[in-house]
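Asks: What follows is a single structure, and I will ask about it in a moment.
The values are calculated or read from the model by the stated rules, or taken from the named source; none is laboratory data. Bear in mind the structure is a predicted one, so any value in this text is a computation, not a measurement. All Cβ positions, glycine included, derive from the backbone under ideal geometry; neighbour counts span all protein chains shown. The protein model used for the area step is the full one, side chains on, heavy atoms only, and it has no ligands, DNA or RNA in it. Shrake-Rupley method; radii C 1.70, N 1.55, O 1.52, S 1.80 Å.
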Amino acid sequence: MNAAEAPVFGDPDWNQYRARVAAALTDVEADMQQRGYGLNNEGLTLEVAGRLQLGVATVDDFQVLEALVKSLRPIAREAVRTTRENQGGQYSLLLL
């Protein structure tokens, strides 16, 4: 599925899709912080697309997903901060 074809606000699957994007974004943020790297919004968007197997073949696809990533980034950062405080900096690693 391409990002431009993903559910939008008001669709029945919107909450599930948004939660998946937020979870993927949180994972990317945690990975980058653990490695000491930083990514701009464009890099985060491409990482999230890769983890969710979303196509970003066109400018519209990229812009739609980037807007969602931008809006969810503060939530992901807060989730990473909370996890770091609650678990003393320990994260579970997902082995693929």
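Asks: Counting only residues that are charged (D, E, K, R) and more than 14 Å from residue 64 (Cβ to Cβ), how many does the stretch 1-52 have? Talk me through it step by step, then tell me what you get.
Replies: Step one: filter the stretch 1-52 for residues charged (D, E, K, R), giving 5, 11, 13, 18, 20, 27, 29, 31, 35, 42, 47, 51.
Within this subset, residues satisfying the condition of being more than 14 Å from residue 64 (Cβ to Cβ) are 13, 20, 27, 29, 31, 35, 47, 51.
Adding up the residues that qualify gives 8.
Asks: Inside the stretch 46-64, can you point out the residues that are of a type in the set (D, E, K, R), open to solvent by 70 Å² or more (accessible area, probe 1.4 Å) and farther than 21 Å from residue 79 by Cβ? Before the answer, list the steps.
Replies: To start, the set of residues in the stretch 46-64 that are of a type in the set (D, E, K, R) comprises 47, 51, 60-61.
After this cut, where a residue has to be open to solvent by 70 Å² or more (accessible area, probe 1.4 Å) as well, the list is 47, 51, 60.
Hit for the stretch 46-64 is 60, nothing else.
Asks: From the residues in the stretch 1-45 that are in contact (Cβ under 8 Å) with a residue 40 or more places away in the chain and assigned to a loop (DSSP other than H, G, I, E, B), which one is most open to solvent (accessible area, probe 1.4 Å)?
Replies: Top of the filtered list is 1.
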